[in-house]
1. With respect to the numbered conditions (1) crowded, with 23+ Cβ neighbours inside 10 Å; (2) over 18 Å from Glu167 (Cα atoms), which one is the sole condition not fulfilled by Leu93?
2. Checking Gly79 against (1) at negative phi; (2) at pLDDT below 95; (3) under 15 Å from the mean Cα position of the chain (by Cα), which test does it fail?
3. Which of the residues spanning the range 102-122 are in a loop (DSSP other than H, G, I, E, B), at pLDDT 95 or above and in contact with a helix residue (DSSP H, G or I) (Cβ under 7 Å, 6 or more places away or on another chain)?
4. Go through the range 169-210 residue by residue and tally those that are at pLDDT 95 or above, among the small types (Gly, Ala, Ser) and surrounded by fewer than 24 Cβ atoms within 10 Å (Cβ to Cβ).
5. If we scan the range 66-86, do we find a residue that is under 22 Å from Lys209 (Cβ atoms), out of contact with any His (no Cβ under 8 Å at 6 or more places or on another chain) and without any contact (Cβ under 8 Å) to a residue 60 or more places away in the chain?
6. Among the numbered criteria (1) modelled with pLDDT under 95; (2) under 15 Å from Asp28 (Cβ atoms); (3) surrounded by fewer than 16 Cβ atoms within 10 Å (Cβ to Cβ), which one does Pro67 miss?
7. Out of all the residues in the range 134-173, which are in contact with a helix residue (DSSP H, G or I) (Cβ under 8 Å, 6 or more places away or on another chain) and of a type in the set (S, T, N, Q)?
Amino acid sequence: MNKLYLYLILVFGIHFCESQNLAVLKYDGGGDWYSNPTALKNLIAFCNTTINTTMDAKPHSIEIGSPAIFEYPFVHMTGHGNVVFSESDSKNLRDYLLSGGFLHIDDNYGMKPYVLEALKTVFPDKKMTEIPLNHPIYTTEFLFPKGLPKIHEHDGLAPRALGYFHEGKLVLLFTYESDLGDGWEDASVHNDPESVRLKALKMGANIIKYAFEN
């Protein structure tokens, strides 16, 4: 383990103790990283009310290659289109995740093939696996015995949650055919029933609680 890696672990550990905020990941390739603009503020408000987090009311945004990513215990990524990670982007993200950070990628429909290809440069020696139904993300606060909720139909396929693990801990979660982010948006954006939005918010709270406590 080199000195830089040890330094990043130390820095992240300090900021983790001081910070309980989340950030939206900015990436290259043309995908709309900024989609679902009202989603995270609603999720933050829900979490601050229901699971006693103390996050800033507005989410921050962070470049994937920036060292400032280590200031956030939780980073969220979404979009519809292309995703490109440079070699330095991939290394920075890998160091962040292996030193205790957590990334949730929520496919807003259309990004799956691009982001999965990009992730191979982050963890070339790891295999993305299905998240089992007995994993804590489904039980940390709210119970989801059937797994990831279906929020929007899209292709009509079952929602899926995949991830990368490091030393037994889930460090990267990829959700698709669910579209949690659309469920977090203001009610007027997609006109989803309140019951559907509540499922999305509860699942999001579970993910954040897991990331903050593990």
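The values are calculated or read from the model by the stated rules, or taken from the named source; none is laboratory data. Owing to the predicted nature of the structure, the values given are computational and were not obtained by experimental measurement. Positions of Cβ are generated from backbone atoms using ideal geometry, with glycine treated the same way; all protein chains shown enter the neighbour counts.
1. Single failed check for Leu93: (2).
2. Here Gly79 meets the rest and fails (1).
3. Listed by number, the residues that qualify are Thr121, Val122.
4. 1
5. Yes - at least one qualifying residue is present in the range 66-86.
6. (2)
7. Answer for the range 134-173, where residues must be in contact with a helix residue (DSSP H, G or I) (Cβ under 8 Å, 6 or more places away or on another chain) and of a type in the set (S, T, N, Q): Thr139, Thr140.
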